[in-house]
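The values are calculated or read from the model by the stated rules, or taken from the named source; none is laboratory data. Since this is a predicted model, take the numbers as computed values, not measurements. Quick reminder, even Gly has a Cβ in these numbers, built from the backbone with ideal geometry, and neighbours come from all protein chains shown.
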Amino acid sequence: MSNTDFTLAVEDLTVSFDGFKAIDALNLYIDRNELRVIIGPNGAGKTTLLDLICGKTRATGGSIKFKNEELTRMAEHQRVRLGIGRKFQTPSIYENLSVFQNLEVSYPEGRSVFGALAFRCTEAVRERVQAVAADIGLGERLDTEAGLLSHGQKQWLEIGMLLMQEPELLMLDEPIAGMSARERELTAELLQRICRNRSVIVIEHDMEFVARIAHKVTVMHQGKILAEGPMDKVQADPKVIDVYLGH
Ligand SMILES: Nc1ncnc2c1ncn2[C@@H]1O[C@H](COP(=O)(O)OP(=O)(O)OP(=O)(O)O)[C@@H](O)[C@H]1O
C-alpha cells in the first residue's frame with residue numbers, strides 16, 4: 001500500500017474471534033494534530049480497534065500504518081517506542097509515589113537506564129516533569145502522594161505519565177468516566193491542549209463532551225464504520241440516529 005501523510009492509516013483491518021468479526025475490513029485515517037472521537041453502541045468494536053492499534057490484540061488481516069511504518073506484526077512495546085500511547089479506563093498510577101515520582105518513572109530513558117550517570121540527565125527530567133505537571137493541572141501538587149489525589153486528578157496524572165514519553169498518537173478510552181462536571185471541563189481543555197502536538201483518539205459515550213472536543217467523529221457499528229465527519233453532520237445522520245443516538 002502507498003505512503004500517506006496521515007499519522008495513522010488503518011486499511012482493511014479485520015479481527016475475528018472464533019469466526020466472529022469484531023472488526024470487519026475497517027479503514028480509518030487520522031491526521032497529525034487531529035482529535036478524533038469514536039462513538040458507537042456497546043459491542044461496536046471501539047475498544048477492540050484501539051487494542052489492535054496498540055498491539056494488545058493481533059489483527060487477523062489488513063494494515064495499520066503509523067507514520068508509514070507497518071505495525072501489525074510489531075510487539076506492543078515496540079509500538080510504544082515508536083510513539084503510541086494508550087490509556088485504559090482504570091488508572092495504573094503508583095498510589096504510594098508522589099506526583100513527581102510517578103511522572104519521573106515514566107520518563108522513557110529514566111533512572112534505571114542511566115543509573116549513577118543520571119545527574120546531568122536529571123535536570124532534563126525535572127524540567128520535563130514540571131512541564132507535564134503544569135500541562136495536566138498538577139503543577140502545584142508535585143509532592144502530593146498520588147493515592148491522595150481526586151479521581152479526576154488520578155486520570156490526569158496517568159495522561160501525564162503517557163505524555164512523559166512524548167507520544168505522537170495518544171489513545172484514551174472514556175477519559176471522563178466518573179468525573180465531576182468541573183473535572184470534565186478541565187479534561188476537555190487538557191485534551192484540546194495536548195492535541196496541538198500530537199494526534200489523539202478518544203472513545204466516548206457522553207455526546208456533550210464529544211461535541212466539545214471532537215475535530216471529527218467516527219461512528220462504529222458491528223465492526224465497521226457507519227458514519228464519519230463533523231459532529232453536527234454525524235448527529236443528523238439518520239443511520240446514526242437509528243443505531244445509536246436514538247436509543
Ligand atoms: N478477546 C475477545 N474474544 C472474543 N470476543 C471479543 C474479544 N474482545 C472483544 N470481543 C467481542 O468483540 C465485540 C466488540 O467489543 P468491543 O469491546 O470492542 O466493543 P466496544 O464498542 O468497545 O463496546 P463498549 O462500548 O461496550 O465498550 C463484542 O461483541 C465483544 O464481545
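Taken over region 172-204, the criterion of being buried (at least 16 other Cβ atoms within 10 Å of the Cβ) and within 16 Å of the ligand (Cβ to nearest atom) is satisfied by L172, D173, E174, P175, I176, I201, V202, I203, E204. In region 214-230, the residues that are free of Cβ contacts under 8 Å to residues at least 40 places away in the same chain form Cβ pairs under 6 Å with partners that are within 12 Å of the ligand (Cβ to nearest atom) and of a type in the set (S, T, N, Q), at six or more places apart or across chains, as follows: E228/T218.
Given the criteria buried (at least 18 other Cβ atoms within 10 Å of the Cβ), modelled with pLDDT of 85 or more and in the same structural domain as S199 (by TED's automatic domain parsing), does R141 qualify? Explain how you work it out, then say what you get.
Details: buried (at least 18 other Cβ atoms within 10 Å of the Cβ): yes; modelled with pLDDT of 85 or more: yes; in the same structural domain as S199 (by TED's automatic domain parsing): no.
When the stated conditions are applied, R141 does not pass them.
In the set H151, H221, which member is at pLDDT below 95 and more than 21 Å from R32 (Cα to Cα)?
Numbers: H221 fails: at pLDDT below 95.
Criteria check complete, one pass: H151.
Filtered by the rule that a residue be within 14 Å of the ligand (Cβ to nearest atom), in a strand (DSSP E or B) and surrounded by fewer than 20 Cβ atoms within 10 Å (Cβ to Cβ), region 24-43 gives a lone residue, D24. Just wondering, is there one or more residues in region 152-170 that are crowded, with 20+ Cβ neighbours inside 10 Å and within 16 Å of the ligand (Cβ to nearest atom)? Among the residues of region 152-170, not one is crowded, with 20+ Cβ neighbours inside 10 Å and within 16 Å of the ligand (Cβ to nearest atom), which makes the answer no.
Taking (1) more than 30 Å from N68 (Cα to Cα); (2) free of Cβ contacts under 8 Å to residues at least 40 places away in the same chain; (3) in a helix (DSSP H, G or I); (4) within 18 Å of the chain's Cα centre (by Cα) in turn, I176 satisfies each apart from (3). Selection of region 13-53 for residues being of a type in the set (G, A, S) and over 28 Å from I194 (Cβ atoms) yields S16, G19, A22, A25, G43. Against the test of being within 12 Å of the ligand (Cβ to nearest atom), more than 19 Å from the chain's Cα centre (by Cα) and not hydrophobic (A, V, I, L, M, F, W, C), the options K21, K46, K56 yield a single qualifying residue, K21.
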